[in-house]
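What follows is calculated from the coordinates using simple rules that are stated; it is not laboratory data. Model, not experiment: these values are computed from the prediction. We place every Cβ from the backbone using ideal geometry, glycine too, and count neighbours over all the protein chains shown.
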Amino acid sequence: MQNDDSNNKPIKIILLCAAIICAVLVCIYYMEKRNSAEEVFAEKPIQTQTPTQPPIMPSPAPTICMIKVHILGAVKVPGVYELPEGSRIQDAVSVAGGFTYRADRTALNLSKQLTDEQQIKIPEIDLSSNKEEKETPSPPPDIIVIMTAEVSIPEININTADKELLTTLPGIGDAIAGYIIEYRETNGLFQNTEEIKNVPRIGDSIYNQIKDKITV
């Protein structure tokens with residue numbers, strides 16, 4: 001019996017060592033596996049869901065309301081025009097080409113706001129108050145009387161005469177009289193009588209007819 005125990009003792013030691021080695025290997029395996037899992041978990045960031053904001057929509061561009069007005073009278077191009085809401089009478093005059101030379105620019109409030117379907121009439125200057133008064137013995141201020149031996153001949157001052165007075169000159173009708181007034185409003189007073197030839201439709205022929213009847 002003792003011999004059998006002595007023979008089995010090395011086997012038991014070998015088996016015990018093998019069991020210990022297996023246990024150690026199993027422990028090492030599970031420890032490495034656990035460390036790998038922790039490293040993987042540490043590498044993955046925790047994803048948090050942020051609330052999504054709705055997209056910001058651009059505000060629509062403001063729409064410009066338009067109105068239609070009818071302008072007539074002493075403007076260069078009367079008619080119906082479309083203007084932005086809030087426009088003034090001055091704006092309507094501008095789109096109609098501006099005032100004519102006979103327009104009474106003080107008759108209306110040019111800063112007044114317009115409304116849709118409004119009609120604006122620009123009045124003309126009343127020339128009736130500038131008519132020559134025949135009953136008075138003295139001539140109007142825009143006429144200079146030159147006394148001659150036989151008869152007094154009135155000279156018309158082309159810097160102050162109105163349209164009606166200018167039309168009394170030979171060869172000067174309503175249209176040319178208007179050009180004369182418009183010329184002096186644009187360029188200033190005439191410096192001499194010959195300068196009147198710069199007015200449209202007045203050439204040497206008409207000038208020769210009126211040069212002795214006008215003054216500045």
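What the table shows:
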item	result
Test: I71 is free of Cβ contacts under 8 Å to residues at least 24 places away in the same chain and touching a Pro at 6+ places or on another chain (Cβ under 7 Å)	no
D174, sole failed condition from (1) within 23 Å of G98 (Cα to Cα); (2) in contact with a Lys or Arg (Cβ under 6 Å, 6 or more places away or on another chain)	(2)
Inter-residue pairs, beta-carbon under 8 Å, first touching a residue at least 24 places away in the same chain (Cβ under 8 Å) and in the range 157-179, second of a type in the set (D, E) and not in a helix (DSSP H, G or I), 6+ apart	N157/D142; D162/D142; L165/E132; L165/D142
Looking only at the range 150-190, and only at residues there that are among the small types (G, A, S) and under 13 Å from I210 (Cβ atoms), the one that is farthest from the chain's Cα centre (by Cα)	G171
Residue list for the range 81-100, restricted to those being assigned to a loop (DSSP other than H, G, I, E, B) and either farther than 10 Å from M66 by Cα or of a type in the set (K, R) (or both)	A96, G97, G98, T100
Scope the range 73-88; condition among the small types (G, A, S), under 15 Å from S111 (Cα atoms) and surrounded by 12 or more Cβ atoms within 10 Å (Cβ to Cβ); matching residues	S87
Enumeration of residues in the range 76-93 that are β-branched (V, I, T) and more than 24 Å from T63 (Cα to Cα)	V77, V93
